[in-house]
1. Which of the residues spanning segment B:116-136 are open to solvent by 10 Å² or more (accessible area, probe 1.4 Å) and within 13 Å of chain A (Cβ to nearest Cβ)?
2. Looking only at segment B:80-92, which residues are surrounded by fewer than 17 Cβ atoms within 10 Å (Cβ to Cβ) and within 9 Å of chain A (Cβ to nearest Cβ)?
3. So A:Ala271 ticks every box in (1) surrounded by fewer than 22 Cβ atoms within 10 Å (Cβ to Cβ); (2) at pLDDT 95 or above; (3) within 19 Å of A:Thr299 (Cα to Cα) but one. Which box is left unticked?
4. Among the residues of segment B:161-179, how many are in contact with a strand residue (DSSP E or B) (Cβ under 8 Å, 6 or more places away or on another chain) and farther than 30 Å from B:Pro347 by Cα?
5. All but one of (1) assigned by TED's automatic domain parsing to the domain that holds A:Asp204; (2) open to solvent by less than 40 Å² (accessible area, probe 1.4 Å) hold for A:Thr148; which doesn't?
6. For segment A:183-233, what are the residues that are hydrophobic (A, V, I, L, M, F, W, C) and either without any contact (Cβ under 8 Å) to a residue 12 or more places away in the chain or open to solvent by 10 Å² or more (accessible area, probe 1.4 Å) (or both)?
7. Taking B:Cys95 and the conditions (1) part of a helix (DSSP H, G or I); (2) open to solvent by less than 10 Å² (accessible area, probe 1.4 Å); (3) facing another protein chain (nearest Cβ under 8 Å); (4) in contact with an Asp or Glu (Cβ under 7 Å, 6 or more places away or on another chain), which numbered condition does it fall short on, given that it satisfies the others?
8. Being outside the structural domain of B:Arg309 (by TED's automatic domain parsing) and on the phi > 0 side of the Ramachandran plot is true for just one of B:Gly156, B:Gly102, B:Gly126, B:Gly195. Which residue is that?
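The values are calculated or read from the model by the stated rules, or taken from the named source; none is laboratory data. In this text the structure is predicted, and so the values were computed from the model without any measurement. Note: ideal-geometry Cβ built from the backbone for every residue, glycine included; neighbour counts use all protein chains shown. With ligands, DNA and RNA removed, areas are computed over all heavy atoms of the protein, side chains included. Shrake-Rupley method; radii C 1.70, N 1.55, O 1.52, S 1.80 Å.
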2 protein chains.
Amino acid sequence: MARRATIADVAALANVSSATVSRALSGNYPVAESTRARIEAAVSELGYVANAQARALAGIPTRTVGIIIQEIVDSFYAFVARGVEQEAAASGRLCLVCCTHGDPRQELAFLDLLHEQRADAVILVGGSISDKRHAGEVMARGKSLRDTGSLLIHCGRATPSEDIAAVEYDNGGGAFAATDHLLTNGHRRILYLGGPKRFSTSVDRLEGYKRALASRGIEVDPELIQLGALGQRFGYERLKAVLAEGRLDFTAIFAANDNTAVGAYQALDEAGLRIPEDVSVVGYDDIPVAALLRPALTTVNIPLEEMGRRAVRLAVAHGNEYADAYSVSSHNVRLGTHLVLRDSVAPARKKRRQ
Amino acid sequence: MARRATIADVAALANVSSATVSRALSGNYPVAESTRARIEAAVSELGYVANAQARALAGIPTRTVGIIIQEIVDSFYAFVARGVEQEAAASGRLCLVCCTHGDPRQELAFLDLLHEQRADAVILVGGSISDKRHAGEVMARGKSLRDTGSLLIHCGRATPSEDIAAVEYDNGGGAFAATDHLLTNGHRRILYLGGPKRFSTSVDRLEGYKRALASRGIEVDPELIQLGALGQRFGYERLKAVLAEGRLDFTAIFAANDNTAVGAYQALDEAGLRIPEDVSVVGYDDIPVAALLRPALTTVNIPLEEMGRRAVRLAVAHGNEYADAYSVSSHNVRLGTHLVLRDSVAPARKKRRQ
DNA sequence: TCTCGCATAGCAAGCGCTTACATGATTTCG
DNA sequence: CGAAATCATGTAAGCGCTTGCTATGCGAGA
């Protein structure tokens, strides 16, 4: 195996000093045209490829951003990651993508690993920072990152920490709108399906649901609130159980996210219930599957890609500020959501078919 | 902003040399228990976080793997990426994920960037290596990577280059099986929908289709072969056009991948054609949407995650071999595919409803 | 008691790059 | 025409870490 060519090899071949090669390659300093040409020839003759590690060690930013998500095959995260990736690529940055599969310990481990990698910024999507039991540790990492010129950006909800920037989106408002839409269609008994209790995202959505009911003077029936997890599997199993028990009557379902709604569709289908004739359904997230479902799912759109892009922009801005002068301001941005009407909601009928 | 603590700071505080700190932290050399304790105390007091760049520069592998895909929000790639990410994480490696959006120039740029990053290995999924016009450039990168102790691994099809490892999967066989299934159901006029001509993947699938027809002595009607692109949009638009023209008669469709089939479903739906009563459909890839479609799509399963995992394993094996002794063997692995029967195929009827 | 060997730990070189500072060659202009 | 400014390039220090080699202190065997 050939020893990898270094800048010194290029310098020797081009008959200049390594400093000149560095200058020619970075373009940060003027270099005579003839010299540059010789250097370029040497580069391609030797197949020289710069060493990013050495460069980083010499004080150049790594041009790398980390992103920590739960699952890459989950459209929600994939779209955020896509926004991050696009915006990062646009500024010549590379993305380090880490998947926690929902394990907070993994999340912390990745946070450390990304710090070791000296990522310019790390973007945490829906982190366990909104989980009381882990928030402290995450925030400590955020501070550590911040103290050393990097930045932790949380996508999902602002944190109590000054050191962590945030790109928020409106959960309460979207849930209110979705529930209100159901109410407007005459539904009074709406099953709330999914969402672990300890994530703020879930808490906010549930709060929106309750607020919508309250705004019409409808009392919340705790039995109609079926918390637990998120996702197709949970949606299917829990709704199947509820249906099997047959005790609860409801004419509509508000699924805490689209994947949960997918599960609900299955359970409804198996129970011989038609959407929306027998039961109306709304979801949350507006991932592609929502439009593919039959009937197409009415759901709340979150600008996921935009969220990712904004996060990177925050990171870049932070980097620039930091270059100009020391700055501690970490801006938050807040994104709106909107209801997307499709075919899964119909006016409530008097009595659900049994 | 606090200067970042270095190993020297830790050493000073713990009253040892930096060499000892390094040894204590890496665990590669014995260090007295009492010393280790002092060092650990110093580390946490200072909030020391190792610098991966410095470590890499000193000759330690970066424990980083690059993966180049087209689209992170495309389930096909997402599942491969997931396999890569899982296997990488299992061996403590981080993933640099790059999306080309189908642009071969991007692909080359990422290949260079990942080489600069000194990724232990780079995994290219369905690269333009199977595109004659770019194969040369990609192979040059593969050789360059290989020459310097790294490895380029291609997922999709073996390459003519000795320097590039491959994790292949069977396109021809799957397409044969899918087509054969349709033939067994009595279909004789099968529309082949989608796939750019210049990718080997597409070529192989089309070849499988033709081979299946040939095996039953059926002549291939070139008009039934609708090439162009892949994806929902293409599937929808092309099929809509074909249907609008109304000249072609066929009783089944073989979509070159599932996303294309999704588009076909839409077009069929809009044309008032029922699946599978009027037209049978099969897809390829077996991404989750296939099971979600109504009727659920019969398709060819590719072990996507497994592909990603295997690629990483190849990389790790290469790294180990290389550690032991110089070795030039680059193994290829080949994965099978199988037909997944669902509800989108029915026996052919005499005449398609017009 | 003396020497040898082992367990620890320190010293310092070196990984490949950037850049402040120094140097020589040209040009510019009073 | 000479001093000063300008430009292109070289010199070398330093980024933070690892590790080969060396030094020290100690118990053990002779």
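1. The initial filter retains those residues of segment B:116-136 that are open to solvent by 10 Å² or more (accessible area, probe 1.4 Å), namely B:116-118, B:120, B:126, B:129-130, B:132-136.
Correct list: B:Glu116, B:Gln117, B:Arg118, B:Asp120.
2. Once the filter is applied, which keeps residues that are surrounded by fewer than 17 Cβ atoms within 10 Å (Cβ to Cβ) and within 9 Å of chain A (Cβ to nearest Cβ), segment B:80-92 yields only B:Gly92.
3. Exception for A:Ala271: condition (3).
4. Quick first cut of segment B:161-179, residues in contact with a strand residue (DSSP E or B) (Cβ under 8 Å, 6 or more places away or on another chain) only: B:163-170, B:174-175, B:177-179.
If we keep only those that are farther than 30 Å from B:Pro347 by Cα as well, we get B:163-168.
Number satisfying all stated conditions: 6.
5. That leaves (1) as the condition not met.
6. Applying the first criterion (hydrophobic (A, V, I, L, M, F, W, C)) to segment A:183-233 yields A:183, A:190-191, A:193, A:199, A:203, A:206, A:212-214, A:218, A:220, A:224-225, A:227, A:229-230.
The answer is A:Phe199, A:Val203, A:Leu206, A:Ala214, A:Ile218, A:Val220, A:Ile225, A:Leu227, A:Ala229, A:Leu230.
7. That leaves (1) as the condition not met.
8. Details: B:Gly156 fails: outside the structural domain of B:Arg309 (by TED's automatic domain parsing); B:Gly102 fails: outside the structural domain of B:Arg309 (by TED's automatic domain parsing); B:Gly126 fails: outside the structural domain of B:Arg309 (by TED's automatic domain parsing).
Sole residue among the options that is outside the structural domain of B:Arg309 (by TED's automatic domain parsing) and on the phi > 0 side of the Ramachandran plot: B:Gly195.
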